[in-house]
1. For mean projected area of the Cα convex hull in nm², the choices are (i) 28.6; (ii) 26.6; (iii) 29.9; which was calculated from the structure?
2. Once amide H atoms are built 1.01 Å from N in the peptide plane, which residues 5 or more positions from Lys171, or in another chain, come under 5 Å H to H?
3. Per residue of the chain, what 222 nm ellipticity follows from adding -39500 (n - 2.57) for every DSSP H run with n ≥ 4, rounded to the nearest 500?
4. Using θ = phi - 60° and the Karplus form 6.51 cos²θ - 1.76 cosθ + 1.60, what ³J(HN,Hα) does each residue of the stretch 366-371 get, whole Hz, x for Gly and Pro?
5. Setting aside same-chain residues fewer than 8 positions from Lys42, which aspartates and glutamates have a Cα under 18 Å from its Cα?
6. Evaluate the relative contact order of the chain (contact order divided by residue number), counting alpha-carbon pairs under 8 angstrom at least 6 apart; express in whole percent.
7. Convert each backbone phi in the stretch 31-38 into a coupling constant with the Karplus relation 6.51 cos²θ - 1.76 cosθ + 1.60 (shift: θ = phi - 60°), then list the ³J(HN,Hα) values in order as whole Hz, x for Gly and Pro.
8. Using +1 at the C-beta of Lys and Arg and -1 at the C-beta of Asp and Glu, which of Tyr47, Thr19, Leu67 has the Cα lying farthest in the positive direction of the dipole of the stretch 1-87?
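Derivation of every value follows stated rules applied to the coordinates shown; laboratory data play no part. From a predicted model like this one, the values you see are computed outputs, not experimental measurements. Positions of Cβ are generated from backbone atoms using ideal geometry, with glycine treated the same way; all protein chains shown enter the neighbour counts.
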Amino acid sequence: HILFDFTTVLGPSATLEGTVEKVDDTELQGFGVMDGTIRRLKPVTVYFVAQFDKPFESFSGWRDGELLEIDDTIEGEDIGAYVKFSTSEVEVTKMKVGISYVSTEQARLNLQQELPHWDFDRIVQESRNEWNQWLSRIEVEGGTKKQRQRFYTDLWKALQGRRIVSDTNGKYLDMTGTEPRIGQIPLNEDGQPMFNHHNSDSFWGAQWSLNTLWHLVYPEVTEDFVNSMLLMYDDGGLIPRGPSGGNYTYVMTGASATPFIVSAWMKGIRGFDGEKAYEGMRKNHFPGGLMSKAGYEHDTFKGGGIEYYIERGYIPYPLYKEEYGFHQAGAGQTLEYAYQDWALSQLAYALDKEEDYELFARRAGNYQNLWNPDKGWMWPRDRQGNWNEEDAFDHLTYGGPWVESNAAQYTWWVPHDLQGLVELIGGRDKFTDKLNASFENAQKHSFTSGVAHAMETLEDYRRVYINYGNQQSMQTAWLFNYSGAPWLTQYWTRQIAEEVYGHLTYNRGYSGDEDQGLMGSLAALIKIGLFSVDGGVNREPFYEIGSPIFDKITIHLDQNYYSGDTFVIRADNNGPENYYIQSAELNGEELDRPWMLHDVVVNGGELHLKMGSEPNKEWGSHPDQAPPSRSQ
């Protein structure tokens with residue numbers, strides 16, 4: 001018996017009702033209606049066609065747990081259907097299923113186009129070949145077998161979490177309006193869709209993960225996603241931060257798609273309408289856009305606090321007595337908006353929008369309004385501009401004015417202006433000492449809030465200085481490159497690679513919120529020793545250099561986007577204790593700074609590192625060797 005159960009709960013989504021219809025004795029078709037969730041309020045219908053490689057003997061069903069005799073169709077709530085086969089002990093029965101958000105006809109078309117045969121072994125081999133093509137974009141040599149296994153697991157996670165939701169002929173479901181609408185992606189000269197339509201968990205935190213990995217290694221995926229976002233902008237009037245089932249979800253905070261799109265443009269990925277993208281992003285940075293909405297705020301434009309941010313230079317906490325959405329966390333939102341404004345200012349400059357450039361570049365300095373010199377941390381302000389002085393509130397207090405975090409973690413959340421932050425904290429030495437002390441504290445609890453994201457709900461696991469199990473701390477180990485201590489970036493990234501992202505067991509996979517590829521891509525970047533604290537939004541994008549765990553890393557560049565063939569990172573004398581860079585050469589020339597331009601990398605070449613067991617505190621440590629920042 002093979003069962004089709006429309007009483008199930010999938011993730012957070014219940015099945016409201018279903019229909020199963022017998023087409024003939026080798027095929028069924030129908031649909032399930034998935035209930036709305038806190039993210040995706042509107043129900044979504046998933047259509048299916050299921051085909052079998054041999055006739056079934058009978059077709060039956062059940063309702064409310066009671067078996068029924070049915071003819072060719074069963075429909076409604078709390079139902080299911082099943083087909084019966086008589087089989088021998090070793091006999092194999094094959095079934096293949098096509099799905100669509102559009103119709104059963106489209107589900108059948110997807111099945112015909114993508115799986116027209118019954119050769120199971122062929123599918124297995126084709127799947128293996130396809131994944132090998134994706135994963136072999138980065139080839140690593142050296143390290144242990146376990147390290148290589150885990151690296152390619154990370155790379156796999158970086159790709160598999162973001163899904164295509166359009167059909168093979170480019171039809172897709174648009175749920176942004178009051179009624180469902182079927183849309184059509186533009187077709188190319190061959191009659192094929194020009195891009196895919198995608199869903200995603202969100203792009204909150206992607207500036208420290210997908211922006212760097214995808215844009216460099218998988219630029220065609222980046223371009224697809226940007227076009228998908230612009231399609232949703234055409235349909236619903238906003239560039240999304242986490243679409244699901246054709247719906248806006250308003251997941252998390254801010255305009256998190258802005259750095260993703262800006263970084264793509266700055267790196268030469270331009271197979272999309274730049275003016276339209278700018279228009280949509282600009283809308284998100286004003287009242288009525290995504291900066292007006294807190295997390296999952298579907299029906300109002302209040303919880304984002306953008307009006308206060310524009311008028312006062314910060315978002316108060318508390319903002320209102322009423323919570324209009326999740327993460328209505330003024331201090332955390334302020335820091336995120338300032339960075340996202342900086343990202344948009346860079347695109348405004350590139351597109352010759354001088355007034356906008358000056359506007360957003362000025363707003364990008366709003367992070368300074370939260371620096372509390374008496375506390376020595378970023379700190380929330382209330383509506384009157386006063387600092388929060390509650391007795392029970394300190395820099396390790398979780399939540400409230402901080403998005404799934406605390407002041408100790410969010411203080412470092414100034415990715416666009418680390419030199420400005422260095423000055424606020426009191427100079428390079430004080431910055432380095434303060435950050436290093438945070439890591440020494442974090443090492444005691446393995447740099448995370450427990451070994452699962454759910455543990456952040458427990459008070460004992462929340463009071464931490466650094467949390468590599470969630471998005472807000474992902475950049476911190478790389479900040480020493482900006483304060484004149486790149487050897488500490490080399491040291492701490494190696495510790496994190498081993499302790500947080502070095503395991504292959506179920507309970508120590510990502511030690512937190514993997515978020516459909518964000519942590520996987522972060523882990524991969526740490527292990528190849530490349531990162532972008534500012535998310536690649538600078539007018540001249542660059543990569544910071546860390547301590548690769550492998551002896552040789554070959555990045556195969558996509559020549560549809562980049563002129564180079566490969567970029568190689570070679571680490572001589574590398575090893576478990578030899579994580580310090582002694583010297584570096586870039587394309588045969590001495591490199592005395594811990595960063596390099598994106599344009600140099602994508603033209604192809606080699607970064608040659610010589611490693612050792614003791615830090616070379618002279619390499620890359622002088623002020624003029626630090627990576628660029630807004631304040632420079």
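1. From the options (i) 28.6; (ii) 26.6; (iii) 29.9, the structure gives (iii).
2. Ile185
3. On the way: 17 runs with 190 residues, N = 632.
Using -39500 (n - 2.57) per qualifying helix, the result is -9000 deg cm²/dmol.
4. Per-residue couplings from phi come out as 5, 4, 5, 6, 9, 6 Hz.
5. Reachable aspartates and glutamates: Glu17, Glu77, Asp174, Glu179, Asp201, Asp235, Glu297, Asp299.
6. Working: 1356 pairs, mean separation 72.8, N = 632.
Relative contact order, the chain: 12 percent.
7. Couplings: 7, x, 9, 8, 5, x, 10, 4 Hz.
8. Tyr47
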